[in-house]
Amino acid sequence: MERVYGVANRKGGQGKSTTVSTLARLCAIQGARVLVVDLAQPGSTTTSFRDLWPEAEHEDFSRCLLAFRGLEAGHAPEPRAVREALTACGLPVVLTSYPSWGGGFVAILPHDDLLGEAAAYVPSDLLLAGLLAALAREIDLVLIDAPTDGGPLLANALAATGRVILPLVPEASALEGADATLRLLARARQGGLPISLGGILLTRCEPKSKRAAEIVRTLAQSGEVEGEPLHRKLLPFAVRQSEFYEQAGRYGVPVWERTDDAQHWSAYALLAEWVLRDAGLERLMTEPRLQARLDPTTRVLYSAALGMGRPEIEYRDYLAAHAPVSA
Ligand SMILES: Nc1ncnc2c1ncn2[C@@H]1O[C@H](COP(=O)(O)OP(=O)(O)OP(=O)(O)O)[C@@H](O)[C@H]1O
Ligand SMILES: [Mg+2]
């Protein structure tokens, strides 16, 4: 069972922040207590939650990290010290939730511009892992928006992450970003970290794009790359290119505030289900709710059929092909 998911790609602009914020909301709607850790410049994930931001004041997360300047390399912080430091800073910020979410919520360790510098002052890369361990009892699921650049912040993110979700825009240079990310994971494993690739999520997909079809074919024929069986890691659903995501980002609201049509976020509803099951939280999926519930006729973009005649299928047909196996 994994609990800490890193959404990572060494190449920018691949839909990391959109994935983290949409996935966090959908998991919370299903009743999960989700912690988002926004380590990625320029903090798009943090600002994407504007509609849920509470009145309460908080200190910068970087300031909280600086409280651990004396933490020796290779050491994790004491849980009690973590709780004191977080409480003193008013962190994590617990976002507004709704009764219909059945006890689920999103809390966030928000981005600020000094995070990278602050992490560089702390000799240990195990600080974030220690922070998350200290919060384990209050949180079901952690989603980290990992930085694209190397450095102590990325090292902390890798040391805290169990499973990686790799979002990928199917365009010419996408595979370079994927390769660089896979190399990074392989190096982390060589260094003793138990981190693995969970799935590759195609984002910003044009259903009929030839390029998308080529990339799917390349991934399907890749076999093992850097110790990961890539052909088995491509998620069967893909996120369509949709102007509503840009609008949602601009207004700091979820995509379903911009459109009623669930085909725009059906892949994220399926990703939420995948993550909750992978995290051992299938009990939360017995009754999909609100935006996490797809109608039988909602259209799903089917990765394997991208670039072909009919890359979109109805959810009921998707289910017939991919009924989740219960534990
Ligand atoms: N499915 C989509 N359809 C259309 N636009 C999208 C989609 N997903 C994300 N976008 C837009 O693409 C841009 C990049 O997405 P996002 O910020 O999520 O990527 P990122 O990987 O976090 O980028 P960065 O490297 O800047 O952190 C944003 O303007 C976002 O609104
Ligand atoms: Mg981002």
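Please treat every number below as a calculation from the coordinates, not as lab data. As the structure is a computational prediction, the values presented were derived from the model and not from experiment. Don't worry about glycine lacking a Cβ; one is built from the backbone with ideal geometry, like all the others, and counts go over all protein chains shown.
Observations on the model:
- Under a 5 Å amide H cut-off, with hydrogens placed 1.01 Å from N, Phe237 pairs with Ser303 among residues at least 5 apart or on other chains.
- Ranking of Arg283, Arg258 by count of other Cβ atoms within 10 Å, fewest first: Arg283, Arg258
- Charge tally for Gly13 (other residues, Cβ to Cβ under 15 Å; Lys, Arg +1; Asp, Glu -1): -1.
- Summary of the geometry: region 1-35 and region 74-111, compared by the centres of their Cα atoms, lie 16 Å apart.
- Isolated Cys residues of the chain, judged by Cβ distance under 4.7 Å to other cysteines: Cys27, Cys205
- Estimated [θ] at 222 nm from DSSP helical runs (n ≥ 4, -39500 (n - 2.57)) normalised by residues in the chain, nearest 500: -10500 deg cm²/dmol
- Net charge over other residues, Cβ less than 12 angstrom from the Cβ of Tyr251 (K, R count +1; D, E count -1): 0
- Nearest-ten-degree value, helix 174-190 long axis tilted from longest Cα axis of the chain: 50 degrees
- Ascending count of other beta-carbon atoms within 10 Å, so fewest first, for Phe105, Phe61, Phe244: Phe244, Phe105, Phe61
- Normalised per residue, the volume of the convex hull around the Cα set of region 4-322 (Å³): 121 Å³
- One decimal place: the segment Ala220-Arg83 gains 44.8 nm when fully extended, by the rule 0.36 nm per residue minus the C-alpha distance.
- Taking other C-beta atoms within 10 Å as the exposure proxy, Cys89, Cys64, Cys205 rank Cys89, Cys64, Cys205 from fewest upward.
- Proximal charge balance of Val36 [Cβ under 13 Å; K/R count +1, D/E count -1]: 0
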